Amino acid sequence: MRGAMSEKKWMIYGCYGYTGRLMAAEAVSRGLAPVLAGRDEKKLRAMARQLGLPFRCFEAETPRTAAESLAGMSVLLNCAGPFVDTCVALAKCCMLAGVHYLDIAGEIDALEYVNGLDEKAMEAGVVLCPGAGFDVVPTDCMASALKEAMPDARKLALAFDSKSPPSPGTAKTMLDVIADNGKVRKRKVIVPRPIAHKTRKIDFGAGPKDAVAIPWGDVSTAFHSTGIPDIEVYVSIRGAALPFLKVLRPFRCLLFMKGVRRLLDKIIDAVVKGPGPEERQKHGVRLWAEATGPGGNRKNALLETANGYDVTVHAALGIVEKLLETNPEPGAYTPSRLMGARYICELPGSGPIRIFS
């Protein structure tokens with residue numbers, strides 16, 4: 001099977017960002033030999049020389065050139081955020097070129113867009129799987145596992161607790177999240193809510209912690225995986241973070257101003273470097289989920305995983321390997337629909353999904 005897989009070529013787009021570099025290095029260690037790609041030829045050339053890999057330089061926003069650059073590829077893994085900017089062009093190019101498309105998006109709009117291409121993906125004969133990393137993979141698997149345990153679930157709450165510092169890309173995505181206001185799913189429809197509109201105490205397995213509702217990717221993907229109509233996502237929060245988020249509400253509009261956003265992005269690039277190997281080893285993630293049935297009965301689930309960036313790398317590469325080795329039915333998939341509800345439990349550093357009433 002490895003021989004058949006090695007005959008197929010695949011690509012990482014956005015390989016020179018924090019997560020893209022981790023992805024490429026781990027791919028090489030597995031003997032997967034991706035083609036490196038992105039828009040910055042200088043960075044590509046240096047990274048390709050370092051890893052001994054081929055590269056192709058092109059912009060995602062130029063569909064014809066991008067489609068031509070995908071010639072000979074079987075799979076594209078998009079690591080270039082913001083994904084709301086890159087997923088539209090790259091997913092279209094992949095369908096045009098007959099290439100399977102993956103990304104590690106966490107933005108609701110990006111996930112909704114790609115999951116909405118199901119019919120077009122079937123017509124093109126390709127698999128689309130957005131959200132193939134953290135945060136989506138662990139919580140998506142938990143959502144599907146709870147749906148199996150409670151088929152009549154009507155409400156779903158998901159949450160995660162992590163002390164890991166962010167990468168530059170994650171920090172910029174967090175700005176996008178703040179700018180875009182809060183979001184939840186109500187009666188199958190995604191609806192806006194104020195930033196930090198809701199808090200609750202959540203026990204991730206080591207005692208209750210304060211958690212705040214956030215517009216994270218599972219508001220999109222968990223519905224496509226389970227059909228549960230009401231979905232909320234939370235993250236644990238500490239100290240003055242909650243009052244700070246509430247104070248930000250009147251100033252969200254500033255994040256839409258190009259000059260302000262360019263300045264904040266430059267600050268992030270200069271200050272935020274992402275966790276090193278020791279920090280990733282030190283900071284795993286605890287996750288919690290709760291499904292509620294029509295009579296108010298509940299089932300909860302707990303899960304512990306490796307650091308979110310390590311989960312992203314192993315989860316995405318596992319899906320790449322599946323698409324190189326097998327031929328799933330074409331269409332748009334969430335990670336748990338493509339890989340199964342217990343996929344997260346197969347990844348290094350992850351425990352079992354524990355479900356209890």
task: Please list, or write none, the lysines whose alpha carbon is within less than 24 Å of the alpha carbon of residue 120, excluding same-chain residues fewer than 8 places away.
output: 8, 9, 92, 188, 322
query: Which of the lysines could a cross-linker span from residue 266 if the Cα-Cα distance has to be under 16 Å and same-chain partners fewer than 8 positions apart are dropped?
result: 172, 258
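In deg cm²/dmol, rounded to 500, what helix-only [θ] at 222 nm does the chain give when every DSSP H run of at least 4 residues adds -39500 (n - 2.57) and the total is split over its residues?
Values: 15 runs with 151 residues, N = 357.
Counting only the DSSP helices, I get -12500 deg cm²/dmol.
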- line: For the chain, longest principal axis from Cα atoms; helix 258-271 axis from its Cα atoms; angle between them, nearest 10 degrees, is 80
field: Carbon and sulfur %, accessible surface of the chain computed with the full protein complex present, 1.4 Å
entry: 54
- request: Compare the Cα positions of 307, 224, 331 along the charge dipole of the chain (+1 at Cβ of Lys, Arg; -1 at Cβ of Asp, Glu; about the Cα centre) and return the one farthest towards the positive end.
  value: 307
- prompt: Amide H to amide H, which residues 5 or more places from residue 9 or on other chains are under 5 Å from it, using H placed in the peptide plane?
  reply: 74
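Per residue, what accessible area does the chain have, given a 1.4 Å probe and all protein chains present, in Å²?
44
With both bridge residues required to lie in the chain, what share of the DSSP beta bridges run antiparallel, to the nearest 5%? Don't jump to the answer; show the numbers that get you there.
Details: 33 of 58 bridges.
In the chain, DSSP labels about 55 percent of beta bridges as antiparallel.
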message: Looking only at region 75-211, where both bridge partners belong to it, what percent of the DSSP beta bridges are antiparallel (to the nearest 5)?
response: 60
query: Using the Cα gyration tensor of the chain, with a ≥ b ≥ c the square roots of its eigenvalues, what is the shape: rounded (a/c below 1.5), prolate (a/b larger than b/c) or oblate (neither)?
result: prolate
query: Nearest 20 debye, what's the magnitude of the dipole of region 33-73 about its Cα centre given +1 on Lys and Arg Cβ and -1 on Asp and Glu Cβ?
result: 200
task: Would you mind checking the tilt of helix 18-29 against the longest principal axis of the Cα atoms of the chain, expressed as 0 to 90 degrees and rounded to 10?
output: 60
Highest-MSF residue in the chain out of 277, 34, 335 [GNM, Cα springs under 10 Å]: 277
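The values are calculated or read from the model by the stated rules, or taken from the named source; none is laboratory data. Everything numeric here is computed off the predicted structure, so don't read it as measured data. Every residue, glycine as well, gets a Cβ built from its backbone with ideal geometry; the counts of neighbours run over all protein chains shown. These accessible areas exclude ligands, DNA and RNA; they are computed on the full protein's heavy atoms, side chains included. Shrake-Rupley method; radii C 1.70, N 1.55, O 1.52, S 1.80 Å.
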